[in-house]
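Enquirer: Before I ask anything, here is the structure I am working with.
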Amino acid sequence: MIAHAETVPSGRNPLVKFILRWLLTTNHKEIGTLYLSLSFLLFFIGGAMALTFRAELAQPGLQLMGADFYNQMVTLHGLVMVFGAVMPAFVGLANWMIPLQIGASDMALPRLNNFSFWIMPFAFGLLLSSLFMPGGAPNFGWTFYAPLSTTYGPPSTDFMILGIHMMGISSILGAINIIVTIFNLRAPGMTLMKMPMFVWTWLITAFLLIMAMPVLAGVVTMMLTDRHFGTSFFEASGGGDPLIFQHVFWFFGHPEVYIMILPGFGIASEIIPVFARKRIFGYTSMVWATGSIAILSFVVWGHHMFATGMPLATELWFMYATMVIAIPTGVKVFNWVATMWGGSMTFETPMLFALGFVVMFTIGGLSGLMLAIAPVDFQYHDTFFVVAHIHYVLYPGAIFATMAAVYYWIPKWTGNMYDERLGKIHFWTAVIALNLTFFPMHFVGLAGMPRRIADYALPFTGLNTFATAGAFLLGLTQLLFLYIVIKTVRGGPKATDQVWEGAKGLEWTVPSPAPLHTFEVPPKVD
Amino acid sequence: MNSQIINEVITVQLAIKRFFVRSRSYGAWAILISLLSTTVLAQGWDMRPGVTEMSQHLRTLHHISLWVCIVVGAVVFGAMFYTIFAHRRSKNPIPATWHHSTKVEIVWTIIPTLILVGMAIPATKALIEIEDNSDADLTILVTGSQWKWHYQYLEAGIGFYSNMSTPLEQINNTEAKGEHYLLEVDNHLVIPTNQKVRFLTSSDDVIHSWWVPDFAVKQDALPGFINEAWTRVPEPGTYRGQCTELCGMNHAYMPIVVDVLPEDEFESWLEDQRIALESMGEAAIAARSRDWSMEELMPIGEDTYLSNCATCHQPDGSGQGITYPAMTGSAVVNGPIENHISTILNGVAGTEMQAWGPQLSDLEIAAVITYERNSLGNETGEVIQPLTIFNSR
């Protein structure tokens, strides 16, 4: 493809060289590393925010912060985790692994790839700078419902809007790059139905991104014009409609939750067969199930809005459509179990994380089914039950999948094996801590505690204290993860090219660590 | 003796032993599970049964879907843990090679579909009933604003605001918290038993959501919209809820308290409200027909300030950043009186400073302005009369 290794002139100061190398790189592996590093940093920033408000929630009353700062932390935690931790992590994995898995020498559009990444730090710089502005950071939740975010939002809201625009541009460009790469650069012989599941799920995710992100861009633009240019899209007193905001937001928002989980499905589908030493069960139906989930994700957004006063017929449609999603999702879970069935399993850390993913994502999926039942949703809606649900699908879902992927592929990235014992300790402490954190939230929500409140009535005290303790333990376990990753990057037992005994696929045919340039001559797939 | 019999005896003995060991562990599991579920119920960690037919029905639906999830979870995780146990490499060194079965896949597509249809039927029935707002006996307009509820009985023509009554000292942990911490208000909403009460929800500013868990009524209150919900409560009592849509800084401090009275008591309560409304009108006339001294106004002003203004502007008037400006040394408080009065009467557009004109009496507004101008670090020496406020409206 394009020659780009020698973009940095030689003979300069090593620091300048270092900066220029990473700033100007167009190599998919280096950009993948950049994405993963940024995501890791933002994961800790978002986590620290979560611990900040969890500390406030440890006891009723206001101890550590005002309610307004609490709301800022809740808002930024959501935005940073969704757009800063989960999405860039998956894009980073895609950058590293898709060319390796399809036998391409790089992404199809390397310069665009560089551009997509380097937008991100600036986008998050804008977003996080709002913390230091007069009036404070955005304080209306990551869903930024109008008119709280328009007429009543703090001045820093505009920085959030521009930050989201930039993240959106980055995501759309990244998605275009992934689609073009997959469609054009597959090794000879690799037909679509021979692609690894991770590539398939990312292909579908990339289409979701292209369809959903412009809608988000639209809604934040409408916010911006409402705030500054005298329009009244969402302002009832100007003839506008605050509900339109929610419709448009969730038309983006629901596909967004699948953007955050489909690559995780792909990762589980890569890892489980390798450690079960058995081919994935029902590959074709796995592909179709992923596709159906993606299509259905565009027609279920109203289930976030059952309490907004929708007409009966609309409520029924959204209830039924949402319940239907359980079917393809069920197929995926059953197929993973069937893949394991009759296998010859070993339980290295990636497998543990993948299995943890399947079990706890299923718990989140089942509570999602409960939430889909519209009449009962009137009791669940906007309580901690929903908080428990989303964290079960996102933490052991998206984040465990990412961790599984890191443990699985890090020997290929670094050439070193990670510390298996520490990896297992990380897994088990994380599983325990996250269940201690999020399981009680089901109970406290059912008992009637609304979400996003800085202070709560006395009967909710015990469970909240418990969840806060769990959250701090969970934060600590991720420091262990950071330590394991750094340790592996710095050294460790040398990995073989195949790394895992049961591993098949093109990425395992290149040396470990993967050299900067691979597959300059396309491999042949039969 | 032949060894065969001995072998059989040993086998049976082992089986019995295994049975006891296993049943003991099943027993242990059963005890553990029942302990857990008793804890969950005893602690009130399940959905509240509530007091209406609908809330109890929805709880049943909740239990149905919960059990469906538990059973599905048990089957899936059971299979998974079995295979983890039985098909690990040390037990099953040679993996199977099959990887496809259309028959099995059809089965596990159809079974979930049937389960879902089974869940959808009662859910649809319940939803149709929830959305039937016709034939109400009584209609109450519930309007949210930051951060209080405004209740208006449309037929009777009465209405009032309902503010949280938990003192700031309890929130700031300088005083012991009361039993109904954060779930107590100054004016309770009152409804009769056994009548179909329809709630119309709307908002003056941002989106709020009116939720009383014991009635299973949760309806968003949107500016520019009027939504409907209804309840019919058989049991007299006091029921509590709170706002469930993030509505700004004091979202946690927007509780709902509903008193349900037997029908005859409700009628006499309504009559009392009408009389009170009239006497409030008379009191307002009396208030503005005489001059008030600073000594009279200051304590009224302090009360009004603490219960309405202090959550944002702080009890000592120090404010919170640029969003909630300080009263101490404020240009409005120390500037022209007309501007101060209009700020309080009409609010400030596009901010969280709401219009207090409809919520407070002439006397209260006169008193709070007097208080702000002569306390909280300000010393203008001015006394504002209720008549001035009346004329400014």
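The values are calculated or read from the model by the stated rules, or taken from the named source; none is laboratory data. Remember, predicted model here, so these are calculated numbers, not experimental data. Glycine gets a Cβ as well: all are built from the backbone with ideal geometry, and neighbour counts include every protein chain shown. When the accessible area is computed, the model is the full protein with side chains, heavy atoms only, and any ligands, DNA or RNA have been set aside. Shrake-Rupley method; radii C 1.70, N 1.55, O 1.52, S 1.80 Å.
Enquirer: Checking B:ASN163 against (1) within 13 Å of chain A (Cβ to nearest Cβ); (2) open to solvent by less than 40 Å² (accessible area, probe 1.4 Å); (3) not basic (Lys, Arg), which single condition isn't satisfied?
Expert: Just one mismatch for B:ASN163, condition (1).
Enquirer: Just give me the residues in the stretch B:61-110 being at the interface with chain A (Cβ under 8 Å from one of its Cβ atoms) and of a type in the set (S, T, N, Q), in sequence order.
Expert: Listed by number, the residues that qualify are B:SER65, B:THR83, B:ASN92, B:THR97, B:SER101, B:THR109.
Enquirer: If we only count helices (runs of 4 or more DSSP H) wholly inside the stretch A:307-390, which ones have 2 or more residues that are in contact with a Ser or Thr (Cβ under 6 Å, 6 or more places away or on another chain) and more than 14 Å from B:SER65 (Cβ to Cβ)?
Expert: Per the criteria, A:312-340.
Enquirer: Right, here's the next one. So B:ALA349 fits all but one of (1) surrounded by fewer than 16 Cβ atoms within 10 Å (Cβ to Cβ); (2) over 26 Å from A:SER156 (Cβ atoms); what number is the exception?
Expert: (2)
Enquirer: B:VAL233 passes all but one of (1) facing chain A (nearest Cβ under 7 Å); (2) crowded, with 22+ Cβ neighbours inside 10 Å; (3) in a loop (DSSP other than H, G, I, E, B); which number fails?
Expert: Against the list (1) facing chain A (nearest Cβ under 7 Å); (2) crowded, with 22+ Cβ neighbours inside 10 Å; (3) in a loop (DSSP other than H, G, I, E, B), B:VAL233 comes up short only on (1).
Residues are listed down the side, and each one gets a yes or a no for (1) more than 30 Å from A:ALA104 (Cα to Cα); (2) surrounded by 15 or more Cβ atoms within 10 Å (Cβ to Cβ); (3) within 14 Å of chain B (Cβ to nearest Cβ); (4) among the aromatic types (Phe, Trp, Tyr):
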position	(1), (2), (3), (4)
A:ARG12	yes, no, no, no
A:TRP22	no, yes, no, yes
A:GLU30	no, yes, no, no
A:LEU38	no, yes, no, no
A:PHE53	yes, yes, yes, yes
A:LEU57	yes, yes, yes, no
A:LEU62	yes, yes, yes, no
A:HIS77	yes, yes, yes, no
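Enquirer: Among the residues of the stretch B:185-205 satisfying the criterion of being touching a Lys or Arg at 6+ places or on another chain (Cβ under 8 Å) and outside any strand (DSSP E or B), which is most open to solvent (accessible area, probe 1.4 Å)?
Expert: Restricting to residues being touching a Lys or Arg at 6+ places or on another chain (Cβ under 8 Å) and outside any strand (DSSP E or B), the top hit is B:ASN194.
Enquirer: If you don't mind, there's one more thing I want to ask. Select, from A:LEU473, A:LEU458, the only residue that is touching a Lys or Arg at 6+ places or on another chain (Cβ under 8 Å) and open to solvent by 40 Å² or more (accessible area, probe 1.4 Å).
Expert: Exactly one residue qualifies, and that residue is A:LEU458.
Enquirer: Also, I was wondering about something else. Can you tell me which residue among A:ALA326, A:ALA294, A:ALA276, A:ALA289 is facing another protein chain (nearest Cβ under 7 Å), surrounded by fewer than 24 Cβ atoms within 10 Å (Cβ to Cβ) and under 22 Å from A:MET360 (Cα atoms)?
Expert: Numbers: A:ALA294 fails: facing another protein chain (nearest Cβ under 7 Å); A:ALA276 fails: surrounded by fewer than 24 Cβ atoms within 10 Å (Cβ to Cβ); A:ALA289 fails: facing another protein chain (nearest Cβ under 7 Å).
Going through A:ALA326, A:ALA294, A:ALA276, A:ALA289 in turn, just one is facing another protein chain (nearest Cβ under 7 Å), surrounded by fewer than 24 Cβ atoms within 10 Å (Cβ to Cβ) and under 22 Å from A:MET360 (Cα atoms): A:ALA326.
Enquirer: Out of the residues in the stretch A:175-205 that are free of Cβ contacts under 8 Å to residues at least 40 places away in the same chain and crowded, with 21+ Cβ neighbours inside 10 Å, state the one that is nearest to A:SER297 (Cα to Cα).
Expert: So the residue we want is A:LEU203.
Enquirer: Among the residues of the stretch B:265-282, is there at least one that is surrounded by 16 or more Cβ atoms within 10 Å (Cβ to Cβ), within 23 Å of B:LYS148 (Cα to Cα) and facing another protein chain (nearest Cβ under 8 Å)?
Expert: For the stretch B:265-282, residues surrounded by 16 or more Cβ atoms within 10 Å (Cβ to Cβ), within 23 Å of B:LYS148 (Cα to Cα) and facing another protein chain (nearest Cβ under 8 Å): absent.
Enquirer: Limited to the stretch A:206-254, what total is found for residues that are assigned to a helix (DSSP H, G or I), open to solvent by less than 10 Å² (accessible area, probe 1.4 Å) and within 11 Å of chain B (Cβ to nearest Cβ)?
Expert: The number of residues fulfilling the criteria is 3.
Enquirer: Which one is nearest to A:PHE378 (Cα to Cα) among residues in the stretch B:111-131 that are touching a Phe, Trp or Tyr at 6+ places or on another chain (Cβ under 9 Å) and among the β-branched types (Val, Ile, Thr)?
Expert: B:ILE130
Enquirer: Condition (residue is among the aromatic types (Phe, Trp, Tyr), open to solvent by less than 70 Å² (accessible area, probe 1.4 Å) and under 24 Å from A:ILE98 (Cβ atoms)) applied to the stretch A:500-509: is it met by at least one residue?
Expert: Yes, some residue in the stretch A:500-509 is among the aromatic types (Phe, Trp, Tyr), open to solvent by less than 70 Å² (accessible area, probe 1.4 Å) and under 24 Å from A:ILE98 (Cβ atoms).
Enquirer: For the stretch B:317-336: of the residues being open to solvent by 40 Å² or more (accessible area, probe 1.4 Å) and more than 14 Å from chain A (Cβ to nearest Cβ), which is farthest from the chain's Cα centre (by Cα)?
Expert: Residue satisfying both the conditions and the ranking: B:PRO336.
Enquirer: I'm checking my understanding of the structure. Among residues of the stretch B:352-382 that are surrounded by fewer than 20 Cβ atoms within 10 Å (Cβ to Cβ) and in contact with a Leu (Cβ under 7 Å, 6 or more places away or on another chain), which one is nearest to B:LEU277 (Cα to Cα)?
Expert: Among residues in the stretch B:352-382 that are surrounded by fewer than 20 Cβ atoms within 10 Å (Cβ to Cβ) and in contact with a Leu (Cβ under 7 Å, 6 or more places away or on another chain), the one nearest to B:LEU277 (Cα to Cα) is B:GLY357.
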